[in-house]
Amino acid sequence: EIFAKDLEMFARHAKRSTINTEDVKLLARRSSSLLKYITQKSEELAPSNTEQKEKKRKKSSAAKGEKTPREQETAVSENEDSNM
């Protein structure tokens, strides 16, 4: 219960409503072995989190009818090619 309250306060102090890995690392800072373990796991999960965020971004862009940055870049390239 105390950990949960501390995590909430760390996020609130940073003017966020969501707890993130940095908050958890801050909570674990007094235990070097726990901090090391959390940091290691966080680094292992970072690539998959980035992929998930990209997928969500694509889905929300598609739902709004927007193009992803890569699609915009391709459209610009194709437009430049057709102008030549």
Practice task
Roll a 1.4 Å probe over the protein chains and send me the accessible area per residue for region 2-47 in Å².
Solution key: 82
Exercise for the section: Report, to the nearest whole %, how much of the accessible area of region 2-47 belongs to carbon and sulfur atoms, 1.4 Å probe, protein only. Expected result: 60
Completion exercise
Residue by residue through region 24-31, the couplings from Karplus 6.51 cos²θ - 1.76 cosθ + 1.60 with θ = phi - 60°, in Hz, x for Gly and Pro, are 5, 5, 4, 5, 8, 4, 7, 10
Practice task
State which entries of LYS15/LYS55; LYS5/LYS36; LYS36/LYS58 exceed 30 angstrom in Cα-Cα distance in the structure shown.
Solution key: LYS36/LYS58
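The values are calculated or read from the model by the stated rules, or taken from the named source; none is laboratory data. On a predicted model such as this, the values are computed, not experimentally measured, just so you know. Accessible surface areas use protein heavy atoms only, side chains included; no ligands, DNA or RNA. Shrake-Rupley method; radii C 1.70, N 1.55, O 1.52, S 1.80 Å.
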